[in-house]
Amino acid sequence: MAGPRTLFEVLTAAVADMSEHGFDSQQRVDYWVAEIRRAAEAQLTPLHDLDEQLRSALRAVYTRLVERGGLQRLHPGVARFTLEKVRPALRAELDRRILASANLIKLNRAQAIEKTLQRFQGWSTSIPAGGSTQTDRVREKQEIRKSLAQLPFIERRVLVDQGHKLSSAVSAVLAHDGGAIAAIWHSHWRQAGYDYREDHKDRDDQVYLIRGSWAHQRGLVKSGKVGYTDQVTQPAEEVFCRCQYQYLYNLRDLPDDMVTERGRRELAEVRARLGTA
């Protein structure tokens, strides 16, 4: 007993039928639309399998950052107990990102199917009743299934992009709760093959002040030439951005022009106390 027809087989039959008969009734178009939808949904990776791939990919990012010390590289000097204190918030961010990513994948999938059906309906209703011998059937099939053919690649990119977004988000949570006062932008523009944004390249190694930090509230710091973190897009905020912030927690780590006179006096007092200890 023959199994269900593949999407390729259904499209081959649909294009052949419409080329032969043309748009002679809406019922003919509706029949093939239903068949294409059924074949497309059957051919795609089941959503529960894709959901498990998503959870596995994001959990791997979380484990690398939180469980295996990856965050320490972006937060030098942060005490271990601070990381432990914010662990529930980091876990909540993982769960939130998994849900958002799953919804995005479902939306992309629905859009790909609808675009496929839209292309088929647009083409099939343009064929005059009685059919046409001028149809390039191979080209039409390729055009109709274009969105679905690209979908596996798009879904893989979503997983990668959401991993970068998770990394940026958990890092920002730790920075907020840990008391970061500034952040250094790191771009991957030097990496071969990376499609970087020019404005992100320009931000590379620039130090941005965090508005409202403890040091800012006490008047110990001031914005430098590039301003505050809330005046630019955040790392990984834009699609496929792989930039990162390295967070700073101490006045001594800031460029000199970002420390106020009051901040310099406090630094001098701290150094004097340490020098006499």
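The values are calculated or read from the model by the stated rules, or taken from the named source; none is laboratory data. Since the structure is predicted, the reported quantities are computational estimates derived from the model, not experimental observations. Every residue, glycine as well, gets a Cβ built from its backbone with ideal geometry; the counts of neighbours run over all protein chains shown.
Numerical summary
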| item | result |
| --- | --- |
| Test result for G212, surrounded by 18 or more Cβ atoms within 10 Å (Cβ to Cβ) and either touching a residue at least 60 places away in the same chain (Cβ under 8 Å) or within 24 Å of V86 (Cα to Cα) (or both) | no |
| Top-ranked residue in the range 16-36 [being touching a helix residue (DSSP H, G or I) at 6+ places or on another chain (Cβ under 6 Å) and within 18 Å of T6 (Cβ to Cβ); ranked as surrounded by the most Cβ atoms within 10 Å (Cβ to Cβ)] | I36 |
| Every residue from the range 151-166 that is surrounded by 14 or more Cβ atoms within 10 Å (Cβ to Cβ) and more than 10 Å from the chain's Cα centre (by Cα) | L151, I154, E155 |
| Leading residue by the ranking (modelled with the lowest pLDDT) among those in the range 1-15 that are in a loop (DSSP other than H, G, I, E, B) and surrounded by fewer than 15 Cβ atoms within 10 Å (Cβ to Cβ) | M1 |
| Near pairs, Cβ below 7 angstrom, 6+ apart or cross-chain, from the range 223-243 (under 18 Å from V173 (Cα atoms) and in the same structural domain as R157 (by TED's automatic domain parsing)) to any residue that is among the hydrophobic types (A, V, I, L, M, F, W, C) and surrounded by fewer than 16 Cβ atoms within 10 Å (Cβ to Cβ) | none |
| The one condition in (1) free of Cβ contacts under 8 Å to residues at least 24 places away in the same chain; (2) farther than 28 Å from G70 by Cα; (3) part of a loop (DSSP other than H, G, I, E, B); (4) of a type in the set (G, A, S) that A272 fails to fulfil | (3) |
| Selection from the range 57-86 of residues that are of a type outside the set (S, T, Y), surrounded by 14 or more Cβ atoms within 10 Å (Cβ to Cβ) and farther than 19 Å from L248 by Cα | A57, L58, R59, V61, R64 |
| Residue count, the range 56-107 (criterion: among the basic types (K, R) and over 27 Å from H186 (Cα atoms)) | 1 |
| Matching residues in the range 225-243 - criterion: being buried (at least 20 other Cβ atoms within 10 Å of the Cβ) and more than 13 Å from I210 (Cβ to Cβ) | P235, A236, C241, R242, C243 |
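Okay, residues lined up against (1) of a type in the set (D, E, K, R); (2) more than 25 Å from the chain's Cα centre (by Cα); (3) surrounded by fewer than 21 Cβ atoms within 10 Å (Cβ to Cβ):
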| site | (1), (2), (3) |
| --- | --- |
| A169 | no, no, yes |
| A180 | no, no, no |
| H186 | no, no, yes |
| P255 | no, yes, yes |
| E269 | yes, yes, yes |
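For (1) under 20 Å from V78 (Cβ atoms); (2) of a type in the set (G, A, S); (3) assigned to a loop (DSSP other than H, G, I, E, B); (4) touching a Cys at 6+ places or on another chain (Cβ under 7 Å), each residue gets a yes or a no:
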| residue | (1), (2), (3), (4) |
| --- | --- |
| Y194 | no, no, yes, no |
| H216 | yes, no, no, no |
| T233 | no, no, yes, no |
| R262 | no, no, no, no |
